[in-house]
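To start, the structure itself, in structure tokens.
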Amino acid sequence: MPMASDLDPDRILALSYVPAEPRPRLSALWRLDHALGQVIAGGREPMISRIKLAWWRESLERLDRERAPAEPLLKELAATLLPVGLTGADLAEMEEGWSVLLDADRLGPEEFSGYSSKRGGLLFRYSARLLGGENQGIETAGEAWALVDLARHSAERDEADAAIARALSMAPFPPMPSRLRPLGMLAALAIRDCDPARMRWEAQGSPGRMLRMIRYRLTGR
């Protein structure tokens, strides 16, 4: 079964701390987020990117009533996530967060909110469900993580700074139970990236980041 080779080094390390039984499900979910993001990253023509995102959304929605098509990730999502209660409609909602980035000329508070809630908030909520845990602040942590990830990849310094400021306003996050700490590890890195004293951008998977993740995994803070 395909695993996490498409993910960034931070998420690959976080995934390695997920128990073996839910790990393939979480990997599939996170690679869906990556696939949607690649539509934005690789699209020079916004209209073509919109068509591709719409294809993903419609294909995910159809998983609830039809067999998965030949696309490998869709088949994997149908095989791993639908049997444990995540629906194609649930997954299709994640497309809305990415589409915000195509529909706005400039990103303001409303766009940041739509993007972060539908991308990061849903991603962390669904991830927590797959890990078998709940946490009051899990969606907020996911929103902050998504905003920092957006800033990391943004070519617009003003928008990046606004995303960072919005992410910082969401911290600190409530402590997470042990089973959700792989998500907390990512949220801890997001706050690390917000530190104005740190040179941007620290390479993902660097030793300092790995140590920060391991410390969070061991201590929960």
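The values are calculated or read from the model by the stated rules, or taken from the named source; none is laboratory data. Given the structure is predicted, the values throughout are model-derived calculations rather than measurements. Don't worry about glycine lacking a Cβ; one is built from the backbone with ideal geometry, like all the others, and counts go over all protein chains shown. Areas reflect the complete protein model, heavy atoms only, side chains present, ligands, DNA and RNA absent. Shrake-Rupley method; radii C 1.70, N 1.55, O 1.52, S 1.80 Å.
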Given the conditions (1) buried (at least 16 other Cβ atoms within 10 Å of the Cβ); (2) in contact with a helix residue (DSSP H, G or I) (Cβ under 7 Å, 6 or more places away or on another chain), report the number of the one that residue 12 does not fulfil. (2)
Quick check on the stretch 45-99: of everything there that is open to solvent by 30 Å² or more (accessible area, probe 1.4 Å) and of a type in the set (Val, Ile, Thr), which residue is nearest to the chain's Cα centre (by Cα)? 87
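Yes or no, residue by residue, for (1) at pLDDT 95 or above; (2) not basic (Lys, Arg):
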residue: 44; (1), (2): no, no
residue: 57; (1), (2): yes, no
residue: 60; (1), (2): yes, yes
residue: 64; (1), (2): yes, yes
residue: 75; (1), (2): yes, no
residue: 82; (1), (2): yes, yes
residue: 89; (1), (2): yes, yes
residue: 95; (1), (2): yes, yes
residue: 104; (1), (2): no, yes
Which residues, taken from the stretch 104-153, are surrounded by fewer than 17 Cβ atoms within 10 Å (Cβ to Cβ) and small (Gly, Ala, Ser)? 104, 108, 113, 132, 133
Can you tell me which of (1) closer than 22 Å to residue 16 by Cβ; (2) basic (Lys, Arg); (3) at pLDDT 95 or above is the one residue 166 doesn't meet? (1)
On the basis of being open to solvent by 40 Å² or more (accessible area, probe 1.4 Å), more than 16 Å from the chain's Cα centre (by Cα) and over 19 Å from residue 122 (Cβ atoms), does residue 42 make the cut? yes
Please list, ordered by first then second residue, the pairs with beta carbon atoms under 8 Å, 6 or more apart or interchain, first in the stretch 75-90 and assigned to a loop (DSSP other than H, G, I, E, B), second of a type in the set (Gly, Ala, Ser). 81/28
So the check is Cβ under 9 Å with 6+ separation or different chains; which pairs have a first residue in the stretch 199-220 that's open to solvent by less than 50 Å² (accessible area, probe 1.4 Å) and a second one that's of a type in the set (Phe, Trp, Tyr)? 213/17
Which condition from (1) in contact with a Phe, Trp or Tyr (Cβ under 6 Å, 6 or more places away or on another chain); (2) open to solvent by 70 Å² or more (accessible area, probe 1.4 Å) is the one that residue 36 breaks? (2)
Residue by residue through the stretch 154-181, note down the ones that are of a type in the set (D, E, K, R), open to solvent by 40 Å² or more (accessible area, probe 1.4 Å) and part of a helix (DSSP H, G or I). 157, 158, 161, 166, 179, 181
Answer with yes or no whether residue 13 is over 19 Å from residue 95 (Cα atoms) and either in contact (Cβ under 8 Å) with a residue 24 or more places away in the chain or of a type outside the set (Lys, Arg) (or both). yes
What about residue 193, is it more than 21 Å from residue 26 (Cβ to Cβ) and without any contact (Cβ under 8 Å) to a residue 12 or more places away in the chain? no
